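Contents: one structure, followed by commentary.
The values are calculated or read from the model by the stated rules, or taken from the named source; none is laboratory data. Source: prediction; values computed, not measured. Note that each Cβ is placed from the backbone with ideal geometry, even for glycine, and that neighbours are counted across all protein chains shown. The accessibility values were calculated without ligands, DNA or RNA, using every heavy atom of the protein model including side chains. Shrake-Rupley method; radii C 1.70, N 1.55, O 1.52, S 1.80 Å.
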Amino acid sequence: MQSPSSAEHRRHWYILGAGAIGSLFASFFLEAGRPITLIGRRGRQGRGKATLRLQRGDSVHRYPLNLQTPDSDGRIDYLLVCTKAGEVEAAVADLAPRLAKHATVVVLANGMGYQERLQRRWPAWRFTWGITTEGAWREAPLAVHHAGSGETLLGSPGQAMPGWFADWQSLGIRCRWETEILTALWRKLAINCAINPLTALHQCANGTLLQPPLSLEVATLCEEITAIASAEGQAAAVADLPARVDSVLQGTAANRSSMLQDVMAGRATEIDFLNGHLVEVALRHGVKAPRNREMLQAVRELAR
Ligand code: KPL
């Protein structure tokens, strides 16, 4: 791990969202000796000095941190947003009065559709999009399990690696600046759209999709997703989609997808930002999307 320069020391990151991924990234910064401020929802975790508990295997770490709610004080120059896709825009809007004129805003959330809206609504802010395969689950407020190490990609279309990315490189995690971030977002979107709704509808672990009859449904979805992404100019993101989905299913066979977890916990799902986004793109290009539309409606129905 590199020791941070004085310029890096001056950058203070705020993390919005105290769910599993927000808490996990808070622990990465704290572990690297970088104080952060974690912003939770009003009335949830409270405010002031708090302790974040991180469990990795059998080892438990405790980190003191500063906890805020969106209506706390303090100007924000560097913000990491780790909310559910459906909450990103409202959560950012809630914090908007505190953001500096040219704030850097990194959004690490699933799905697509909100990116264009955010950039259009706040054109002066420098948005960066991210995806991560780090595994985490939240045991209780401010208590998170790091279930598996993965890779985190950040990028902003057409933007070279910014100076602040040094902060992320000093975290001791696998993390890289991705110049083709849209392709990476589409690749992840395509995989999630082929897996998540089926696991939620059939209430099964990811590995169940490897066997017939569900494997046939995965194959049909992959075909349709490939056609939609290609019409959008994202053919590279879906090259070999069935093989990529297969490998994710093999690697996560025992896991419950995030959408199944949402359904089981009675939370809103991210279906509108996954298959819902594909349906919108398909409509724009005049491509048929019956299977994705079916997934969208069935999961919305399930969540209701
Ligand atoms: O990202 C995932 C999710 O559950 O949202 C997959 C890759 C499907 C793993 O479960």
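Odds and ends about this structure:
- Residue identified as touching a strand residue (DSSP E or B) at 6+ places or on another chain (Cβ under 8 Å), at pLDDT 95 or above and under 21 Å from Thr132 (Cα atoms) among Trp186, Trp164: Trp164
Residue by residue, here is whether (1) over 19 Å from the mean Cα position of the chain (by Cα); (2) surrounded by fewer than 20 Cβ atoms within 10 Å (Cβ to Cβ); (3) in contact (Cβ under 8 Å) with a residue 24 or more places away in the chain holds:
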| residue | (1), (2), (3) |
| --- | --- |
| Arg41 | no, yes, yes |
| Gln55 | yes, yes, yes |
| His61 | yes, yes, yes |
| Gln68 | yes, no, yes |
| Cys82 | no, no, yes |
| Arg98 | yes, yes, yes |
| Met112 | no, no, yes |
| Glu116 | no, yes, no |
| Pro123 | yes, yes, no |
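- Ser230 falls short on exactly one of the conditions (1) more than 22 Å from the chain's Cα centre (by Cα); (2) loosely packed, with under 15 Cβ neighbours inside 10 Å, and that condition is (2).
- Any hit, region 139-147, residues being within 14 Å of the ligand (Cβ to nearest atom) and either assigned by the TED database to the domain that holds Ala253 or closer than 19 Å to Val245 by Cα (or both): no
- Here Ile173 fulfils each of the conditions (1) touching a helix residue (DSSP H, G or I) at 6+ places or on another chain (Cβ under 6 Å); (2) away from the ligand (no atom under 16 Å from the Cβ); (3) open to solvent by less than 30 Å² (accessible area, probe 1.4 Å) apart from (3).
- Any hit, region 128-147, residues being more than 18 Å from Cys175 (Cβ to Cβ), at pLDDT 95 or above, of a type in the set (Phe, Trp, Tyr) and not in a helix (DSSP H, G or I): no
- The criterion of being within 12 Å of the ligand (Cβ to nearest atom), open to solvent by 20 Å² or more (accessible area, probe 1.4 Å) and at pLDDT below 95 does not hold for Gly150.
Yes/no per residue for (1) surrounded by fewer than 18 Cβ atoms within 10 Å (Cβ to Cβ); (2) more than 16 Å from the ligand (Cβ to nearest atom):
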site: Cys193; (1), (2): no, no
site: Pro197; (1), (2): no, no
site: Ala205; (1), (2): yes, no
site: Glu223; (1), (2): yes, yes
site: Ala265; (1), (2): yes, no
site: Asp272; (1), (2): no, no
site: Gly276; (1), (2): no, no
site: His285; (1), (2): yes, yes
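- Close pairs (6 angstrom Cβ cut-off, 6 or more residues apart or separate chains): within 14 Å of Gln169 (Cα to Cα) in region 9-36, among the aliphatic types (A, V, I, L, M) and open to solvent by 20 Å² or more (accessible area, probe 1.4 Å) anywhere: Phe28/Ile173
- Qualifying position, being surrounded by fewer than 18 Cβ atoms within 10 Å (Cβ to Cβ), more than 15 Å from Gly113 (Cα to Cα) and in contact with a helix residue (DSSP H, G or I) (Cβ under 7 Å, 6 or more places away or on another chain), among Ala253, Ala239: Ala253
- Any hit, region 244-261, residues being more than 13 Å from the ligand (Cβ to nearest atom), assigned to a helix (DSSP H, G or I) and assigned by the TED database to the domain that holds Gln297: no
- Meets criteria (farther than 29 Å from Gly155 by Cβ, of a type outside the set (A, V, I, L, M), in a helix (DSSP H, G or I) and not assigned by the TED database to the domain that holds Met161) for Thr226: no
- Within region 43-53, considering residues that are assigned to a strand (DSSP E or B) and either touching a Lys or Arg at 6+ places or on another chain (Cβ under 9 Å) or surrounded by 13 or more Cβ atoms within 10 Å (Cβ to Cβ) (or both), the one modelled with the lowest pLDDT: Ala50
- Residue check for Gly163: within 13 Å of the ligand (Cβ to nearest atom) and loosely packed, with under 14 Cβ neighbours inside 10 Å: no
- Within region 257-300, being modelled with pLDDT of 95 or more and among the charged types (D, E, K, R) holds for Glu270, Asp272, Glu280, Arg284, Lys288, Arg291, Arg293, Glu294, Arg300.
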